[in-house]
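Please treat every number below as a calculation from the coordinates, not as lab data. Keep in mind that this is a model prediction, so the values were computed, not measured. Counting neighbours? That spans all protein chains shown, and the Cβs are built from the backbone with ideal geometry, glycine included.
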């Protein structure tokens, strides 16, 4: 079976959405046009585990037009756009395994389906494919043929660096997440806007006047905190990193431990990549009506088993993807999207204009792997600066923005070792 999607009849609607996103992704479109002519990815068999959205569809189209064979599954059970998945299978001939709301067993069956065609490149959002091919005996023989991979999330990169550190990483992975063309825009502007969008769509709550607690002040947390403040919220930041905490304080946010913030917050959003950021002692002191959500990759940042254990009853879907947890003392806490990515579960994820740069970087790194696989160490590797510069300059050009260039005198001055006079 070359696909498992909800309904192939949804394809016409999905194709329209893919085309809408494509119109806002000019850098990726430029790459796709070149790829179609040059076929630089010929011979690559790419297994991709990504959020199946209209933006992702344009990435996998680009990889296929470049000559690669591509198989795609979902990286999150609640982020799949079923019409897009149908269109990928019907209109673009890309084997797609993704159904919005799929259960645990279906999710992992879809991962396995992608690996059964023996890819030699992986493209991950969370490192699930990489993890499976390293740990499942039936797939470990594929490691001999793997030439490289890409990872685009902070959470995934953390997992991969741990594998590199203990010597278990069997093939090179490029950290697209650490590219400036990704984290400065995708993480900051994309996550910031789409997380606010998801909270508002799920709850129809007014942020103005509310106390919003941002757990984590990495690039995703920065973006969310800025946008929540822009809508009139009082924003509190919690952190474990002293440098980031200091930055948050100097950016004008109140910084405090979660133990204190738990008593003050109206809305809590975790964006850390770690687990149990919100846990039993925090739930016990929260206000009646507090809203809890997560915009980190995995649904472990909020300790949901502890929340259930504290509750005397749970009402599911009192609004779409809003569950009410009633405490014995009468307080109600509201969990969004089962603790999964609120920006993709309750909204549509990052705007296409931002994903244009992230997915342009992914496409360029697929080409880089194809050309440089034999030279790459079995480590987590950085995106070459020249690729980032090209993407940034191309994006500026599509925006009608021009910048200066160094003069010959300036280049010579910067290259000299002596003091200026």
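Points to keep in mind about this one:
- Between the stretch 12-58 and the stretch 64-82, the C-alpha centres lie 10 angstrom from each other.
- Which of 390, 20, 71, 417 has the fewest Cβ neighbours within 10 Å, and the rest in rising order: 417, 20, 390, 71
- For the stretch 312-361 versus the stretch 87-154, the gap between their alpha-carbon centres in whole angstrom: 25
- If you run the Gaussian network model on the chain, springs between alpha carbon atoms under 10 Å, then out of 48, 225, 180 the most flexible one is 180.
- When the chain is treated as a Gaussian network with alpha carbon springs shorter than 10 Å, the biggest mean-square fluctuation among 340, 319, 227 belongs to 319.
- Mean residue ellipticity (222 nm) of the chain, computed from DSSP H runs ≥ 4 via -39,500 (n - 2.57), nearest 500: -12500 deg cm²/dmol
- Highest-fluctuation residue, 320, 22, 197 considered, GNM on the chain with Cα pairs under 10 Å: 320
- In terms of surrounding Cβ atoms within a 10 Å radius of their Cβ, 134, 110 rank from fewest to most as 134, 110.
- From the C-alpha gyration tensor of the chain, square roots of 5λ in Å: 35, 28, 21
- Each Cα pair under 8 Å and six or more residues apart adds its sequence gap; the mean of these over the residue count of the chain is a relative contact order of 17 percent.
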